[in-house]
Amino acid sequence: MKNTKSPVFWRSLAAAMALVFCAGLATSRGDEAKAPAEPAAKKDGDKWDVTNPPGAGTAKNAAIDVTEGTWMNVDVSPDGSTIAFDLLGDLYTMPIGGGEARALTSGLAWDMQPRFSPDGKWIAFTSDRGGGDNIWVVRADASAGQTRESGLRQITQESMRLLNSPAWTPDGKYIVARKHFSSRRSLGAGEMWLYSSGGVDAGASDGLQMTVKPTEQKDVGEPAFSPDGRYLYYSWDATPGGQWEYNKDSTAQIYIISRLDRVKGETENWVTGPGGAVRPTPSPDGKRLAFVRRERFKTCLFVQDMATGEVKKLYDKLERDMQETWAIHGVYPTMAWMPDSKAIVFYAKGGIRRIDLADKTVSDIPFHVKGDRKILPAVRVPIEVAPAEFDVKMLRGVTVSPKGDAVAYSALGHIYVRRLPDGKPERATQDDKRFEFMPSWSRDGQSIAYVSWDDEELGSVRVIGAGGGE
């Protein structure tokens with residue numbers, strides 16, 4: 001049992017009480033500071049709606065009229081007649097030859113990564129419209145503003161382990177997606193999870209885990225099924241060690257492509273080597289695998305012959321991939337084969353391109369998007385840059401006098417003394433030339449020692465009377 005008569009006990013107790021009591025009361029006095037306006041009170045039962053947030057009535061329309069885009073994910077319908085792509089957070093479709101794009105979704109929600117179902121009737125995509133990235137589907141013939149009753153439905157419902165990068169199983173019954181797992185760093189890793197395409201309204205489960213993240217911090221993503229559904233391909237950061245690192249060497253091997261054999265339950269590294277390998281995209285006939293690799297300073301499109309393993313470069317003018325960075329939504333935008341497996345449609349340099357495998361001929365697929373985007377006013381809170389008075393949030397070196405009748409500490413680079421229990425904090429010195437830290441009481445409580453700093457005279461140890469002075 002502690003000896004409650006000990007001076008050390010009472011001194012410790014006084015110090016603890018002083019910390020609590022004075023933490024919120026240490027201030028530098030002057031003119032009254034202006035307080036920011038109080039936010040509107042939230043009503044009980046209010047739920048955040050991404051598509052209709054507070055202040056939506058003040059949104060402005062920004063007109064867009066573009067024939068180029070940035071980091072666009074593209075897909076081709078199973079019959080080869082239609083291209084789907086994302087642009088500025090909305091989904092679009094257009095004829096395979098290009099032309100005027102038709103909006104599939106619209107509004108404040110951010111929609112991306114469209115993928116046609118095997119029967120071509122549905123498009124799976126990633127959206128934050130439910131309050132965080134989840135997988136949704138919409139009818140391929142939908143129009144902007146589609147309601148849930150007319151086709152839009154939610155497939156996954158995660159609030160913490162958010163999902164992206166959907167891919168259909170060949171039978172159209174399930175959708176695989178990358179589930180994000182954050183670690184103690186802000187970075188995180190991914191796992192592939194399988195979900196029923198019936199969605200949450202049909203009572204679908206929370207998903208089936210297909211892969212296990214190899215580390216807690218490195219990217220795993222870009223899932224894609226083989227045409228027969230036996231294999232699941234994906235890319236992952238295979239650099240040594242368990243921690244994510246900056247400034248990786250892109251000429252060496254960063255990402256590789258692995259595949260899971262769903263029959264045997266085994267995983268093998270499929271495409272490896274210098275320049276890495278990302279965005280695995282199997283051809284419809286199952287004979288080839290398209291992927292992206294870095295070659296010196298260029299990001300290039302390659303194709304692998306599945307029977308022989310032979311790899312050929314098709315195109316070297318892709319946008320720079322994101323192998324050195326943290327790319328939870330994919331290291332390169334999605335691409336797609338034509339149904340006859342003779343050509344690939346992909347994004348590069350602001351446009352949509354098509355390359356024929358036979359002669360490597362590249363052609364542009366023009367598109368035109370004309371519409372608008374809603375822009376909400378930025379949330380701004382008035383902050384006085386240099387107020388004359390403000391509350392000190394951090395006290396440093398708090399120490400209680402031997403008698404327990406005063407407390408000394410440093411705040412804002414100066415020593416303050418406050419009489420207990422209800423005294424007012426006062427500067428111990430009037431020295432504005434030096435910074436002051438680490439006060440320490442003398443045994444008799446008559447003096448305070450501290451250290452000071454000045455950029456010219458450097459550091460020194462000083463003593464001042466407990467009542468102030470020189």
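The values are calculated or read from the model by the stated rules, or taken from the named source; none is laboratory data. In this text, all values refer to a predicted model and were calculated from it rather than measured experimentally. Cβ atoms come from the backbone with ideal geometry, glycine included; neighbour counts cover every protein chain shown. Ligands, DNA and RNA are excluded from the accessible area calculation, which covers all protein heavy atoms including side chains. Shrake-Rupley method; radii C 1.70, N 1.55, O 1.52, S 1.80 Å.
Residues whose amide H comes within less than 5 Å of that of Phe390, counting only those at least five positions distant or on another chain, are Ser28 (H built at 1.01 Å from N in the peptide plane). The residue list Ala411, Pro366, Pro377 was ranked by how far each Cα lies along the charge dipole of segment 346-438 toward its positive end, using unit charges on Cβ atoms, and Pro366 comes out on top. Straight-line reach from Lys218: taking Cα to Cα under 14 Å and skipping same-chain neighbours fewer than 8 places apart, the aspartates and glutamates in range are Glu191, Asp237, Glu245, Glu324.
Distance from the Cα centroid of segment 415-442 to that of segment 178-195 is 49 Å (rounded to whole angstrom).
Here the label points at Ala386 and Asp201, each 7 Å from Cα along the C-beta direction, are separated by 5.9 nm in the simple model. With all pairs of separate Cα atoms included, segment 74-131 yields a Kirkwood hydrodynamic radius of 11.5 Å.
Computed over protein heavy atoms with a 1.4 Å probe, the accessible surface of segment 180-309 works out to 46 Å² per residue. Dipole magnitude for the chain: computed about the Cα centre from +1 point charges on Lys and Arg Cβ and -1 point charges on Asp and Glu Cβ, it is near 760 debye. In the distance distribution for the chain, Cα-Cα pairs more than 31 Å apart total 57 percent.
Over every Cα atom in segment 311-470, the radius of gyration and the widest Cα-Cα span, Dmax, amount to 33.8, 93 Å. Around the amide H of Trp122, modelled in the peptide plane, lie the amide H atoms of Ser117, Ala140, all under 5 Å away and 5 or more residues distant in sequence or on another chain.
Multiplying the residue separation of Lys287 and Leu412 by 0.36 nm and removing their Cα-Cα distance gives an extension gain of 38.1 nm. Karplus-based coupling profile of segment 360-373, in residue order and whole Hz: 6, 5, 10, 10, 7, 10, x, 9, 9, 10, 10, x, 8, 10, with θ = phi - 60° in 6.51 cos²θ - 1.76 cosθ + 1.60 and x standing for Gly or Pro.
Helical content of the chain, expressed as a calculated mean residue ellipticity at 222 nm, amounts to -1000 deg cm²/dmol (DSSP H runs of 4 or more residues, -39,500 (n - 2.57) each, divided by residue number, nearest 500).
Legend: calculated FRET efficiency, Arg373 to Asp444, from the Cβ-Cβ distance at R0 = 56 Å, rounded to 0.05, equals 0.20. Evaluating 6.51 cos²θ - 1.76 cosθ + 1.60 at θ = phi - 60° for every residue in segment 158-165, the Karplus couplings come out as 9, 10, 10, 8, 6, 10, 7, 6 Hz, glycine and proline recorded as x. The simple Förster model, with R0 at 30 Å and r as the Cβ-Cβ distance, assigns Asp49 and Asp119 a FRET efficiency of 0.40. Distances between placed amide hydrogens fall under 5 Å for Leu314 paired with Leu301, Phe302, Val303, all partners being 5 or more residues away or on another chain. For the chain, the longest principal axis of the Cα atoms and the long axis of helix 7-22 meet at an angle of about 60 degrees. When the charge dipole of the chain is built from unit charges on Cβ atoms (+1 for Lys and Arg, -1 for Asp and Glu) and taken about the Cα centre, the candidate among Val292, Ala142, Tyr231 whose Cα reaches farthest toward its positive end is Tyr231.
In sequence order, segment 104-119 has phi-based couplings of 9, 9, 7, x, 6, 5, 9, 10, 7, 6, x, 9, 5, 6, x, 8 Hz under the Karplus curve 6.51 cos²θ - 1.76 cosθ + 1.60, θ = phi - 60°, and Gly or Pro positions carry x. Placing a label point 7 Å from the Cα of Ala63 along the Cα-to-Cβ line, the residues of segment 71-91 whose backbone N sits under 20 Å from it are 88.
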